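Derivation of every value follows stated rules applied to the coordinates shown; laboratory data play no part. Source: prediction; values computed, not measured. Here Cβ is always computed from backbone atoms with ideal geometry, including for glycine, and neighbour counts include all displayed protein chains.
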Amino acid sequence: MAFTLTYTYGYDDFAALIVAKRSLGLMGVLGPATPYVFVGFLYLAFLIGSLAFDGVPLADMLRGPAVVSILAGLLTVMVLTALINLFFTRLALRPVFKRFAAADKEIIITLDEDGIKWSGAGSMGGHPWGNVKWIVETKQRVFLFISKVEAIVLPRRAVSSDGEFEALTTFVREHTNG
């Protein structure tokens, strides 16, 4: 069985790839929540460390008013992180995307028993299945990571039905031990 996908590599694919990268690495189990957990942990560590350095006993930090203040600060940090994340994924990264050769260009990807082949934006290439290091699946895309920064994007919109997307996903899992 073989699959051929043709689609235009758009900014939403790029932004989804940035988010998918968060599921790789040390904190990969957190997926898209990684920046929130990381920043929240830093906030709590800094705050509790500062209070301890100032001589505030841990018991006092765990009393009602102090806990409410700490949680209010944590909520504020989470909201700010969400706003910064929104700013970067919706605005700041757009000029970066425009510099990619494949930006807003038609991409053709073929998946068969031998591996993955692609062409588009004036280039072509391929990888055997063994080069796929990680797979990240979302509702709208499957990402085949060749490295921590490079991935082949398989969007749901490039196939004719949900059933075909599920068959594609199953095919990828079977060929990558995913």
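Label separation (V68 vs A2): 6.8 nm, computed from points 7 Å beyond Cα along the C-beta direction.
Under 10 Å, Cα contacts only: if you run a Gaussian network model on the chain, which one of F97, F87, F14 comes out with the highest mean-square fluctuation? Of the options given, F87 has the highest mean-square fluctuation.
For the chain, modelled as a GNM whose springs connect Cα atoms under 10 angstrom apart, the maximal fluctuation among A33, A103, A52 occurs at A52.
Of Y9, Y43, Y36, the sequence from fewest to most neighbouring Cβ atoms within 10 angstrom is Y36, Y43, Y9.
Residues of the chain were split at every exposed loop site, defined as trypsin sites (Lys or Arg not before Pro) in a DSSP loop with at most 10 other C-beta atoms within 10 angstrom, and the longest piece left, sites excluded, is 1-62. Compared with the alpha-carbon gap, the fully stretched path from M124 to V56 is longer by 18.3 nm at 0.36 nm per residue.
With the charge dipole of the chain set up from +1 on Lys and Arg Cβ and -1 on Asp and Glu Cβ about the Cα centre, the Cα lying farthest toward the positive end among the listed residues S147, V136, A33 is that of A33.
If you average the C-alpha positions of region 125-178 and of region 1-19 separately, how far apart do those two centres end up, in angstrom? About 10 Å separates the Cα centre of region 125-178 from the one of region 1-19. Exposure here means at most 16 other Cβ atoms within 10 Å; with GluC sites (Glu not before Pro) in a DSSP loop as sites, the longest stretch of the chain lacking them is 1-112. Put a dot 7 Å past the Cα of N85, heading toward its Cβ, do the same for Q140, and the two dots end up 1.5 nm apart.
Along the Cα→Cβ direction, 7 angstrom out, place labels at N131 and R157. What is the inter-label distance in nm? For the pair N131/R157, the computed spacing is 2.7 nm.
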